Protein chains: 2
Amino acid sequence: MADAVRSERERAAHLGPERRRPQVLDAALALAVHSGVGAVTIGAVADNLGVTRPVVYACFRDRAALIEALVEREGERLLANALAALHSARGDDPEAVFVRGYRAFLDVVADCPDAWRLLFSTAPDPAGADKFREARLVMADNATRWLRPALTAWWDVAELDRKLPALVELFMSSCEAAARSLVDHPDGWRTQELGELYGRMMCRAFSAA
Amino acid sequence: MADAVRSERERAAHLGPERRRPQVLDAALALAVHSGVGAVTIGAVADNLGVTRPVVYACFRDRAALIEALVEREGERLLANALAALHSARGDDPEAVFVRGYRAFLDVVADCPDAWRLLFSTAPDPAGADKFREARLVMADNATRWLRPALTAWWDVAELDRKLPALVELFMSSCEAAARSLVDHPDGWRTQELGELYGRMMCRAFSAA
DNA sequence: CGACGTTACTACAGCAATGTAGGAATTTCC
DNA sequence: GGAAATTCCTACATTGCTGTAGTAACGTCG
């Protein structure tokens with residue numbers, strides 16, 4: 001099938017693979033967020049970009065490579081920001097630290113909500129499934145590294161090693177919940193208030209671990 | 001393409017659509033849980049069942065109808081059990097109620113983990129997307145109905161109406177986290193212990209809402 | 001045992017997406 | 001201005017899945 005029956009469209013600019021690649025990823029991200037990773041077909045990306053499919057193939061070997069590159073780019077962007085957020089949350093008063101942490105985290109999500117949606121609220125496609133898992137694992141790993149010393153220092157949690165996986169699971173999920181609250185009802189809450197609510201609540205929760 | 005090049009397989013039993021239908025749903029569920037809803041193709045279901053595709057089409061009008069029926073069946077199973085679990089969690093002592101609630105909930109998940117996985121940790125397929133949303137909404141709705149009176153009666157939470165969506169989000173996520181802990185690391189925790197941990201923690205969290 | 005209704009199988013047509021080859025337009029460089 | 005390189009487009013072959021038509025096996029009832 002031709003891309004356009006008798007194209008009305010202007011011939012696309014002569015950018016070349018190097019300069020085209022980021023545009024392709026942007027179009028793919030928009031599609032993935034709006035309609036799920038399954039909707040990221042070469043054809044759909046090309047259409048969205050006002051370009052024909054071979055142009056996309058010039059940027060990425062095949063569909064799998066495109067998805068992987070997308071997950072990698074967004075994962076790195078998110079991870080870098082989230083790490084900075086975690087590192088910014090230090091201090092002596094647990095509740096204050098938790099609140100700062102959730103606030104910083106929510107600022108990150110508010111800053112690049114699509115990266116978050118891609119990695120945490122869409123389907124892990126058979127294509128970049130490994131990349132998805134990897135990106136999420138890295139996040140969980142960093143969460144663990146932040147959580148463990150906090151829990152030992154402040155509350156001396158018993159049997160921490162055994163509980164830790166479950167606690168990390170809860171922590172990650174609370175972050176997802178906070179992010180969803182922000183992303184799905186953007187009018188109701190500012191990051192500051194929402195961060196305070198979640199920080200206060202989850203601080204209490206972990207103090208009872 | 002023929003279903004088998006020159007079928008070695010025995011001819012399948014003469015069951016007829018009525019008796020075949022539940023088998024088809026079982027096969028579809030196994031596929032969806034193992035490889036995502038996207039992997040639920042008519043052909044894959046038929047193969048998994050040792051049957052040819054037209055047999056599946058005799059049970060369900062098309063792929064969409066199959067997915068919808070699957071989500072509906074599993075959603076109802078889960079909902080009925082989860083409702084019973086919530087209703088079993090009543091009393092005067094908040095922490096005890098929370099613990100009973102999470103325990104009962106985890107028992108439900110342990111009882112039909114695949115139903116849970118299908119609805120909450122797989123991709124909402126473009127096919128039954130509405131059914132997915134609906135099933136999840138019903139669960140959230142029931143959570144809200146349980147949470148609201150508890151929060152007013154025990155802790156007289158300020159601005160409850162405004163906070164409630166965020167609190168429900170957190171509550172649902174905590175349930176997902178608990179379920180994941182159970183399903184992904186089935187050796188580490190029994191439902192009783194895990195329910196107590198989560199119940200204690202989340203009770204504290206909500207008391208600080 | 002023989003005819004009829006039910007069930008499953010084989011084979012086909014259609015569609016949508018993948019990935020590729022060769023030709024046309026544009027830019028660059030002399 | 002003209003050749004060469006780059007980039008994009010049209011067109012095709014292939015694959016995988018959907019949904020359907022016609023045929024062969026099975027079971028049941030007279």
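The values are calculated or read from the model by the stated rules, or taken from the named source; none is laboratory data. Worth saying up front: this structure is predicted, and the values here are computed from it rather than measured. All Cβ positions, glycine included, derive from the backbone under ideal geometry; neighbour counts span all protein chains shown. We work out accessible area using only protein heavy atoms, side chains counted, and drop any ligands, DNA or RNA first. Shrake-Rupley method; radii C 1.70, N 1.55, O 1.52, S 1.80 Å.
Checking each residue in the range A:15-26 for being within 13 Å of DNA strand D (Cβ to nearest atom), open to solvent by less than 50 Å² (accessible area, probe 1.4 Å) and part of a helix (DSSP H, G or I) picks out A:R20, A:V24.
At least 1 residues being closer than 22 Å to B:R180 by Cα is the threshold, and among the helices (runs of 4 or more DSSP H) wholly inside the range B:27-133 those reaching it are B:63-88, B:94-111, B:113-120.
Quick check, is A:D125 within 11 Å of chain B (Cβ to nearest Cβ), open to solvent by 70 Å² or more (accessible area, probe 1.4 Å) and not basic (K, R)? No; evaluated as a whole, the condition is false for this residue.
For the range A:152-209, the set of residues classified as at the interface with chain B (Cβ under 7 Å from one of its Cβ atoms), over 20 Å from A:S121 (Cα atoms) and among the aliphatic types (A, V, I, L, M) consists of A:A166, A:L197, A:M201, A:M202, A:A205, A:A208, A:A209, listed by residue number.
Does A:V40 satisfy the condition of being more than 13 Å from DNA strand C (Cβ to nearest atom) and in contact (Cβ under 8 Å) with a residue 12 or more places away in the chain?
Against the criterion (more than 13 Å from DNA strand C (Cβ to nearest atom) and in contact (Cβ under 8 Å) with a residue 12 or more places away in the chain), A:V40 does not qualify.
Taking the condition surrounded by 19 or more Cβ atoms within 10 Å (Cβ to Cβ), hydrophobic (A, V, I, L, M, F, W, C), near DNA strand C (Cβ under 10 Å from one of its atoms) and over 15 Å from the mean Cα position of the chain (by Cα), does B:A89 pass? So B:A89 does not fit the description; no. Quick check: is even one residue across the range A:44-51 open to solvent by 50 Å² or more (accessible area, probe 1.4 Å), away from DNA strand C (no atom under 11 Å from the Cβ) and modelled with pLDDT of 95 or more? Yes; the residues of the range A:44-51 include at least one that is open to solvent by 50 Å² or more (accessible area, probe 1.4 Å), away from DNA strand C (no atom under 11 Å from the Cβ) and modelled with pLDDT of 95 or more. Restricting attention to the range A:149-172, does a residue exist that is assigned by TED's automatic domain parsing to the domain that holds A:F120, open to solvent by 30 Å² or more (accessible area, probe 1.4 Å), of a type in the set (D, E, K, R) and closer than 21 Å to A:H87 by Cβ? No, every residue in the range A:149-172 fails to be assigned by TED's automatic domain parsing to the domain that holds A:F120, open to solvent by 30 Å² or more (accessible area, probe 1.4 Å), of a type in the set (D, E, K, R) and closer than 21 Å to A:H87 by Cβ.
Residue pairs whose Cβ atoms lie under 8 Å apart, sitting 6 or more positions apart in sequence or on different chains, and linking a residue in the range B:66-95 that is in contact (Cβ under 8 Å) with a residue 40 or more places away in the chain and within 11 Å of B:A115 (Cβ to Cβ) to a partner that is outside any loop (DSSP other than H, G, I, E, B) and of a type in the set (F, W, Y), are B:V71/B:F132; B:L78/B:W116; B:A82/B:F105. Within the range A:177-195, the set of residues being surrounded by 19 or more Cβ atoms within 10 Å (Cβ to Cβ) and either touching a strand residue (DSSP E or B) at 6+ places or on another chain (Cβ under 9 Å) or not hydroxyl-bearing (S, T, Y) (or both) comprises A:A177, A:A178, A:A179, A:R180, A:L182, A:W189, A:L194, A:G195.
What is the number of the single condition among (1) over 16 Å from the mean Cα position of the chain (by Cα); (2) within 14 Å of another protein chain (Cβ to nearest Cβ); (3) open to solvent by less than 60 Å² (accessible area, probe 1.4 Å); (4) within 11 Å of DNA strand C (Cβ to nearest atom) that A:F98 does not meet? Of the numbered conditions (1) over 16 Å from the mean Cα position of the chain (by Cα); (2) within 14 Å of another protein chain (Cβ to nearest Cβ); (3) open to solvent by less than 60 Å² (accessible area, probe 1.4 Å); (4) within 11 Å of DNA strand C (Cβ to nearest atom), the odd one out for A:F98 is (4). So, in the range B:39-66, of the ones that are farther than 14 Å from B:D26 by Cβ and within 14 Å of chain A (Cβ to nearest Cβ), which residue ends up farthest from DNA strand D (Cβ to nearest atom)? Only one residue fits best here, namely B:A39. Taking the conditions (1) open to solvent by less than 70 Å² (accessible area, probe 1.4 Å); (2) over 30 Å from A:D62 (Cβ atoms); (3) of a type in the set (G, A, S); (4) part of a helix (DSSP H, G or I) in turn, A:A140 satisfies each one other than (2). Residues being more than 10 Å from DNA strand D (Cβ to nearest atom) and more than 14 Å from chain B (Cβ to nearest Cβ) are entirely absent from the range A:2-12. Among the residues examined, B:E134 does not qualify as within 12 Å of chain A (Cβ to nearest Cβ) and out of contact with any His (no Cβ under 9 Å at 6 or more places or on another chain). The set of residues from the range A:114-140 being touching a helix residue (DSSP H, G or I) at 6+ places or on another chain (Cβ under 9 Å) and either charged (D, E, K, R) or not assigned by TED's automatic domain parsing to the domain that holds A:D184 (or both) comprises A:D114, A:R117, A:D125, A:D130, A:K131, A:E134, A:R136.
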